[in-house]
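Read-outs: derived from the displayed coordinates by stated rules, not from any lab. Keep in mind it's a predicted model, so treat the numbers as computed, not measured. Note that each Cβ is placed from the backbone with ideal geometry, even for glycine, and that neighbours are counted across all protein chains shown.
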Ligand SMILES: Nc1nc2c(ncn2[C@@H]2O[C@H](COP(=O)(O)OP(=O)(O)OP(=O)(O)O)[C@@H](O)[C@H]2O)c(=O)[nH]1
Ligand SMILES: [Mg+2]
Ligand SMILES: [Zn+2]
């Protein structure tokens, strides 16, 4: 599945790209809506041809659409590498990186951070510091500075994305489509100058697109995301802050809240400077946000189940009454 747009989608088949109708795979539940990266079964003939089903997903990148509503949105399916694009032209927002990475880990894909527009930070020492800052916030995640404009770092990224399916994620104007074009070797995706110096763009890319790379592998370019809300990402948050979870195992108390407990290994690490306080704050913030979302979702799911029971109960009673009625 290449792209979904207003009830229509493009599917790669043995006979080339086919346009199909998604009416049968667009249920009410937003997490079950067909999505770029899905493997689908499309009718062999017909006008329109309908997508009838999609295969179970290996991985799925899901965010919550806003912090107010507990609704998940699937951004890409069956992705192996979640490439988080972050512009070096704008001020680094490590909290945002951590948030993206929590969702990336949670999706089941291997996260990669790409620091784009490296040519705009010509000083090598400054650049190295920026890379290091991101690395500290992303244990277990490769951090690659690249310049699509000059080609620096592109070979390493090309090697990473040559196996399997990768998705490009990040804010509008981060340079995702420019990167996609550089990896493709041709200008397939439209690119636009960012509107202002703070690095905010105006959403040049508006649909998710799946592109076949010349060196093998498949790349999904996505529209910029201003914010990504966590969506049931407890495991992902744990992975982003794996060094804190490792430290926590050394705390004297099993249920240490790392607040003021004696023998707290986490606070000791903050005191010694080994763990930046910002990391601990960010960890707490994301854990809290995630718990809120999970609680909300649970509440909503429980309410739905209750409604279903009530409906079934009412139907059951009506059926009983009807039976009684017949027998009397
Ligand atoms: N100097 C420099 N500019 C770049 C580089 N990569 C991208 N840009 C510029 O950044 C701007 C935004 O690039 P896009 O590729 O459209 O950004 P995007 O992330 O796809 O944006 P959306 O589609 O809105 O999400 C364009 O003006 C690009 O020319 C780079 O390596 N160096
Ligand atoms: Mg784009
Ligand atoms: Zn502790």
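Can you give the extra length, in nm with one decimal, that the chain gains between residue 302 and residue 314 once fully stretched, where that is 0.36 nm per residue apart less the Cα-Cα distance? Intermediate results must be reported in sequence, preceding the final value.
Values: separation 12, 0.36 × 12 = 4.32 nm, distance 1.81 nm.
Stretched fully, the residue 302-residue 314 segment lengthens by 2.5 nm.
Averaging sequence separations of C-alpha pairs under 8 Å and six or more residues apart, then dividing by the length of region 1-121, give the relative contact order as a whole percent.
Answer for region 1-121 is 19 percent.
Ordered by the count of other Cβ atoms within 10 Å of each Cβ, fewest first, 105, 231, 309, 39 give 309, 39, 105, 231.
Just rank 294, 301, fewest to most, by other beta-carbon atoms within 10 angstrom. Intermediate values should be presented prior to the final figure.
Working: 294 16, 301 11.
The fewest-first ordering by Cβ neighbours comes to 301, 294.
Using the rule -39500 (n - 2.57) for each DSSP H run of four or more residues, divided by the residues of the chain, the 222 nm mean residue ellipticity is -11500 deg cm²/dmol. Ordering 225, 115, 247, 55 from the fewest to the most neighbouring beta carbons within 10 Å gives 55, 225, 247, 115. In the chain, the DSSP beta bridges split such that about 50 percent are antiparallel, to the nearest 5. Taking every C-alpha pair closer than 8 Å and separated by at least 6 residues, the mean separation divided by the residue count of region 69-221 gives a relative contact order of 24 percent. Convex hull over the alpha-carbon atoms of region 234-327: what's its volume per residue in Å³? Hull volume normalised by residue count: 123 Å³. The order of the peptides 170-179, 236-245 by mean Cβ neighbours within 10 Å, most packed first, is 170-179, 236-245. Within the chain, the percentage of alpha carbon pairs spaced more than 28 angstrom apart rounds to 50%. Straightening the chain between residue 206 and residue 124 buys 26.1 nm, computed as 0.36 nm per residue apart minus the Cα-Cα spacing.
Given a cut-off of under 8 Å on Cα pairs at least six residues apart, what relative contact order in percent is computed for the chain?
On the way: 606 pairs, mean separation 48.8, N = 328.
Normalised by residue count, the contact order of the chain is 15 percent.
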